[in-house]
1. What FRET efficiency comes out for A:ARG15 versus B:GLU259 if R0 is 51 angstrom and r is the Cβ-Cβ distance? Round to the nearest 0.05.
2. Roughly how many percent of the accessible protein surface of region B:217-436 is carbon and sulfur, given a 1.4 Å probe and a whole-percent answer?
3. How big is the convex hull of the Cα atoms of the protein assembly as shown, per residue, in Å³?
4. Between B:ALA138, B:SER104, B:ALA64, whose Cα lies farthest towards the positive end of the dipole of region B:64-204 when Lys and Arg beta carbons carry +1 and Asp and Glu beta carbons carry -1, centred on the Cα centre?
5. To the nearest 100 Å², how much accessible surface do chains A and B hide from each other in total, with a 1.4 Å probe?
6. So, in nm, how far is label A:SER203 from label A:ARG169 when the simple model puts each one 7 Å beyond its Cα toward the Cβ?
7. Test of understanding: given chain B, find the longest segment containing no GluC sites (Glu not before Pro) that are in a DSSP loop and have at most 10 other Cβ atoms within 10 Å.
8. Of B:LYS200/B:LYS432; A:LYS125/B:LYS316; A:LYS43/A:LYS212; B:LYS316/B:LYS432; B:LYS86/B:LYS196; A:LYS27/A:LYS69, which ones are farther than 30 Å apart at the Cα?
Amino acid sequence: MRHPENIPTSASFSRDHIQTVGNIFVKDARIECRSVDVFYGEKHAIQDVSLDVGRNEVIALIGPSGCGKSTFLRCLNRMNDTIPGCRVSGEIKLDGQDIYAEGLDVVPLRAQVGMVFQKPNPFPKSIFENVAYGPRIHGLASNKLELEEIVEKSLRRAGLWEEVKDYLRHPGTGLSGGQQQRLCIARTIAVNPEVILMDEPCSALDPIATAKIEQLMDDLREHYTIAIVTHSMQQAARVSQRTAYFHLGKLIEVGETAQIFTDPRHQLTEDYITGRFG
Amino acid sequence: MSNRTEENKSSNQGIRTHEIVKAGLHRRRAAEIRFKAYGFICIVAGLGFLMALFGNIIAHAWSAFEQTYVALDVTFDESVLDPEGKHDAANLASADYPALTKRSLAAMFPEVKDRLEKRSLNALLSSGAAYELRRVLAKDPALLGKTERIWLPVDDDVDMLVKGQIDRDIGEGDRRMKDYQIAWIDKLIASGRVEKRFNKQFFTSGDSREPEMAGIWGALMGSLFTLIVTGALSLPIGIASAIYLEEFAPRNRWTDIIEVNINNLAAVPSIVFGLLGLAVFINFFGLPRSSPLVGGLVLTLMTLPVIIIAARSALKSVPPSIREAALGIGASQMQTVFHHVLPLAMPGMLTGAIIGMARALGESAPLLMIGMVAFIVDVPGSLTDPSTVLPVQIYLWADSSERGFVERTSAAILVLLAFLITMNGLAVYLRKHYERRW
């Protein structure tokens with residue numbers, strides 16, 4: 001799996017090279033994935049992916065449509081469980097604990113590993129209720145005042161507080177797309193997770209809203225580990241420290257973001273980054 | 001240069017496309033207008049039929065809400081009612097009240113001496129008139145021994161004559177009223193003793209062989225009790241099954257078989273459920289026949305598939321993003337369903353429930369099989385009392401030969417429709433209420 005570090009030129013691995021290029025390991029990893037395979041019925045969606053996610057880092061998962069990056073992301077908090085016919089094999093450990101262990105309850109896992117989806121999906125309830133829902137079901141607040149504090153803190157962190165503080169009783173679905181997505185982020189961080197998974201969180205947003213969310217990710221990195229799937233290479237370059245390139249269900253290359261975008265070592269990565277396809 | 005020819009080519013093609021589209025535009029517009037016209041005609045025709053139907057029913061039913069009454073000076077003669085002078089209620093309850101009306105009529109028409117004529121004179125009054133007298137006396141015992149003008153219901157034939165539904169001009173042999181009877185009635189009318197009043201009897205009593213004594217209340221209560229049983233069983237069972245099948249059950253061969261069977265059950269003719277009810281609930285479990293309990297159980301079997309199918313499709317139509325959102329922040333499956341999916345699916349579920357319950361209310365065939373078609377005079381007071389339901393009552397009256405039942409059949413249809421509209425209105429209100437909470 002490990003490759004010699006002394007390769008001098010870029011794109012030194014041909015398109016036929018199927019093993020992951022780059023260092024998949026990080027020191028003191030938060031999430032360790034080893035030989036993960038995912039099947040949708042007969043379809044082999046993810047093939048033998050091994051990858052570590054470090055603490056307080058933003059890792060970007062990039063690749064052409066259908067390459068399995070979203071599927072991989074959804075493995076990390078077992079959201080794939082909801083898809084009929086989906087089967088996951090291999091090992092995924094969160095802080096050394098196998099999350100696919102038999103008898104493991106997904107509820108605490110998902111409280112630990114929050115998720116923000118591609119399309120903003122606020123509950124059809126008030127803004128306050130949207131954010132308060134998670135803390136309420138997990139019992140994070142012992143009284144109303146604490147709950148209000150959590151809601152305010154989460155909305156502040158998501159950079160939404162100033163815009164909505166007078167409209168907390170209004171429906172969350174009445175906000176604009178960018179505000180809705182930030183509401184969803186506030187809802188996720190209200191549970192105080194350790195890891196946040198973001199599945200193309202800005203694909204439906206305009207550049208201004210996108211910039212706000214990117215800024216937000218930078219701030220959140222202090223407290224959380226973030227894995228983000230994105231189609232925008234500029235975004236990956238802006239927000240992430242490490243980048244993983246997926247292609248047809250395989251993890252092709254992993255590395256420091258700066259290195260991936262300036263000096264890709266696998267021919268497929270270079271093709272994608274230079275826009276030859278994808 | 002080559003670039004330019006290419007440009008020309010493409011712009012040429014652009015013009016051609018434009019012309020082709022323009023040429024076909026007329027046809028497309030015509031097709032659209034035609035389709036709109038068909039749709040409009042269909043709506044108008046549908047509304048027309050509906051109006052004709054309602055108009056007909058209301059026109060027939062209108063007169064049933066009035067009943068002809070005649071005023072008699074009745075003497076509550078102690079020597080007739082209480083010859084032994086006991087003055088106790090039980091004795092008065094079983095006294096000879098028909099004798100009182102006979103006396104009053106004889107006093108009013110002293111010229112009638114012949115036995116047969118006397119009998120047809122007494123037949124002008126409803127057989128319920130005696131019960132009315134008993135009721136009046138029970139309410140006010142001080143009337144004993146006094147003479148009082150009391151309005152009493154007339155026989156249905158007299159009622160029909162007063163309402164103009166018996167033709168006076170056809171021969172005596174072809175109508176149910178003799179010429180001299182008509183003469184007596186005209187005399188009563190001339191003396192201002194005949195009046196059409198609101199037909200309270202129709203809304204307060206059970207069935208009767210006499211149209212003027214027959215009421216819809218018994219059937220209405222029967223329908224209400226039956227629907228209570230149906231609703232209390234089919235709504236929770238149906239919605240719980242739908243939630244389990246849609247949200248919790250694993251997808252495998254067994255659930256497939258169950259799904260196919262539910263779909264098939266929805267298409268089973270209702271009378272089959274009646275036979276099933278007869279065999280299982282009455283013969284095997286020994287529940288009382290003709291009772292709303294058994295009727296409700298049978299209708300529950302019939303409406304369950306409808307409710308389950310509607311509830312499942314309502315659950316299916318909730319966007320998966322809501323489920324993902326809830327699961328993504330660590331809600332359990334059950335919290336996801338009950339906090340987020342169910343409120344959104346509620347309006348659709350209620351619609352399904354309304355359709356199911358409306359079908360149950362209008363159903364008669366399966367109830368015939370379990371004995372709810374019996375002639376039942378008493379208004380049911382509980383789930384196990386023998387009773388009938390509105391559609392069966394309509395069927396029974398439509399089948400009766402008395403002229404007075406014709407208008408009562410239409411009136412009963414109106415009552416059934418009003419019941420249905422009230423029920424649907426309530427459900428629509430509930431649906432709106434849920435929808436407002438987004």
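The values are calculated or read from the model by the stated rules, or taken from the named source; none is laboratory data. Not measured: the values here are computed from a predicted model. Neighbour counts run over all protein chains shown; Cβ positions are idealised from the backbone, glycine included. Just the protein is used for accessible areas: all its heavy atoms, side chains included, with ligands, DNA and RNA removed. Shrake-Rupley method; radii C 1.70, N 1.55, O 1.52, S 1.80 Å.
1. 0.60
2. 69 percent
3. For the protein assembly as shown, the hull spanned by Cα atoms encloses 285 Å³ per residue.
4. B:ALA138
5. Interface area, both chains combined: 1800 Å², rounded to the nearest 100.
6. According to this spin-label approximation, the distance is 3.8 nm.
7. The longest such stretch corresponds to B:112-438.
8. B:LYS200/B:LYS432; A:LYS43/A:LYS212; B:LYS86/B:LYS196
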